[in-house]
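Contents: one structure, followed by commentary.
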Amino acid sequence: MRIIDFHTHLDRHWLGQPLPTAEAMVAAMDRFDVEASCVFTVMGFYGNCESHNEALVTETDRYPDRLIPFATVDPKDGPAAAEELEQRLSDARFRGVKLHPWLQAFAPSMLKETMTGLLRVAARHDAPVIFHDGTPPYCTTFQVAEVARWVPEATIILGHAGLADYVDAAAQLIRDVPNLYACFCGPRGGDLLHLVATGGADKVLFGSDFGAATWELLAERIDDVVEAGLTAAEAEQVFYGNAARLLQRRGGC
Amino acid sequence: MLNTLPVIDAHAMLGEEAHLHLDAETLLRRMDAAEVTMAIARPMGAGLVVDHAAGNALVLKAGPRIRGLVTANPWWGGKALDAVARGRDDGAVGLFLDPTRQGFMPTESIAMPLFERAAEYGWPVLVRTGTYVCADLLAVAEVARRLPATPFIAGFGGFADMWFDLPGTFAAIPNLYVDTSMMIGDGIRALVTAHGPSRIVFGSAEPRNRYAVCLRTLERLGLAEDARRAILHDNAKRLFGL
């Protein structure tokens, strides 16, 4: 089974907690047959996006076929955020965008003009935008779906497919909003069956959050898919096909 | 085969709720496949929120290998206490409450009589914890402080976003337990390392989670045999008086 992990983090630490290195991450990917991982900052969500984007791409340059960097920007910076995003996405190495309204401290609706501009930049570059979701008050699954409705040409991904309490909502929303996808990263096997049955196997991608925790998390999240009870064809789409399709829009995976 | 020890699942769910559904027969099949000896089940869906008679009957009449936690919505007042008393007569081994689904804050006065009744019966109380507001882990901790002789189990271990509040709360409240059903391995390891295994019980969250996933998560931690036995069996046996 081919696997692309659409949700991982690569940073030196998360506040006081050391995080796995790029070497450790690739070693774990080898162990579990993960071909490539989309990697996001952690500390860059707390500030200094530019330097964290630079640091991320420096690390991923060491494993260009395995680690795919996603840029982040701070929408609170207004037009400067759009400029930063334009610059990053003009660099072919950045293949997508990660936003985390909870950690970045903004409600998308309070920055609608900026957010709309950012998503249009991403859409122009064929870059998917993945949001943390499932956590009030800035990251409910409904809030992220609303953002997707603002810019239909953008590809928006629920980073946790509803996480704990929003899974049913996520299933309905990816069914109803054409440009909205769900990254299965956190919910469990019984939830995955519902996401696929309701939203469609073509709207759900695998993600682990590996990097924010140790290698065991990658194994656990793979188990979540393997043990869910999907058909082989559905599992292939979730583990690989859908991520490959979204990433290929910007030039191969 | 993953298990060389008898396994007690301390948190399974019977009934129908949103996209989840599980009956006793199916749970038993899954237990057999995973070599789980016994499950502690609680109602979900309508049986949890409004129809306690049906929900409690579902878990209390599921057979000798499935023992039940009864529930009652605190808003029923005296009727809720009557439902709990009937549950005790029918062999319940504890109380389950889901503040989010049942619509109350754990510290609200409306809920206190139920907690006190569980304490009177010598029962453990399993409370679903998770997304903030009513399922706030710290709200459950406040109630646990008020009833220090009663074991409170943080159901789902604060899944998803209260994982960072769990270690400190666990350290501060000696009568607070967790079930592992929705916890990631790192979170379980952190608690075992800091506090030992004595307040951690294995759970599956079936039908939301899968036995195979939950058991492998524990196996990967490479815990000492006594810690594995405590989490998979001994703690639940002691806690639920099995």
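Remarks
- Label-to-label distance, nm, for residues given as A:Arg175 and A:Glu236 (7 Å Cα→Cβ offset): 2.5 nm
- Eligible aspartates and glutamates near B:Lys237 by straight Cα distance, threshold 13 Å, same-chain separation 8 or greater: B:Asp9
- On a per residue basis, chain A carries 35 Å² of accessible surface, using protein heavy atoms and a 1.4 Å probe.
- Spherically averaged projected area of the protein assembly as shown from its Cα convex hull (nm²): 21.0 nm²
- Percentage relative contact order, chain B, counting C-alpha pairs under 8 Å, at least six apart: 19 percent
- Among beta bridges that DSSP assigns inside chain A, antiparallel share in %, nearest 5: 10 percent
- Amide H contacts of A:Thr72 (H built 1.01 Å from N, under 5 Å, at least 5 apart or other chain): A:Lys98
- Accessible area per residue, Å², region B:66-205 with all protein chains present, probe 1.4 Å: 34 Å²
- Distance between the C-alpha centres of region A:54-80 and region B:106-126: 50 Å, rounded to the whole angstrom.
- Sparse-neighbourhood loop sites, trypsin sites (Lys or Arg not before Pro) in region A:1-96 - DSSP loop, at most 10 other Cβ within 10 angstrom: none
- DSSP-defined beta bridges in the protein assembly as shown - what % are antiparallel, rounded to 5: 10 percent
- Extension gain, A:Thr58 back to A:Arg124 (0.36 nm per residue minus Cα-Cα distance, nm): 21.3 nm
- The Kirkwood hydrodynamic radius of region A:3-248, based on inverse pair distances between different Cα atoms, is 17.5 Å.
- Residue among A:Leu15, A:Leu195, A:Leu180 with the largest mean-square fluctuation in a Gaussian network model of chain A, springs linking Cα atoms under 10 Å: A:Leu15
- HN-Hα J in Hz across region A:167-181 - Karplus 6.51, -1.76, 1.60, θ = phi - 60°, x for Gly and Pro: 5, 4, 4, 4, 4, 5, 5, 5, 5, 8, 10, x, 9, 10, 10
- Take the accessible area of B alone and of A alone, subtract that of the pair with a 1.4 Å probe, and the total buried over both chains is about 2300 Å².
- Top of B:Ala144, B:Ala160, B:Ala33 by mean-square fluctuation, Gaussian network on chain B, Cα under 10 Å: B:Ala33
- Chain A: relative contact order in percent, alpha carbon pairs under 8 Å with at least 6 residues between: 19 percent
- A simple spin-label model places pseudo-atoms 7 Å from Cα toward Cβ; at B:Lys237 and A:Lys76 they are separated by 5.4 nm.
- Karplus (6.51, -1.76, 1.60) ³J(HN,Hα), θ = phi - 60°, over region A:196-205, in Hz, Gly and Pro reported as x: 6, 5, 8, x, x, 5, 7, 10, 10, 10
- With R₀ fixed at 41 Å, the C-beta to C-beta distance from A:Ala27 to B:Ala33 puts the FRET efficiency at about 0.80.
- Computed from backbone phi with θ = phi - 60° and the Karplus coefficients 6.51, -1.76 and 1.60, the 3J(HN,Hα) list for region A:38-47 is 7, 10, 10, 5, 10, 5, x, 6, 8, x Hz; x is used for glycine and proline.
- Inter-probe distance in nm under a simple model that places probes 7 Å from Cα toward Cβ, at A:Trp14 and B:Asp90: 4.2 nm
- When chain A is treated as a Gaussian network with alpha carbon springs shorter than 10 Å, the biggest mean-square fluctuation among A:Ala164, A:Ala235, A:Ala127 belongs to A:Ala164.
The values are calculated or read from the model by the stated rules, or taken from the named source; none is laboratory data. All figures in this text were calculated on a predicted structure; none of them were measured in a lab. A quick note on method: Cβ atoms are made from the backbone with ideal geometry, for glycine too, and the neighbour counts reach across all protein chains shown. Note: areas computed on protein heavy atoms with side chains; ligands, DNA, RNA excluded. Shrake-Rupley method; radii C 1.70, N 1.55, O 1.52, S 1.80 Å.
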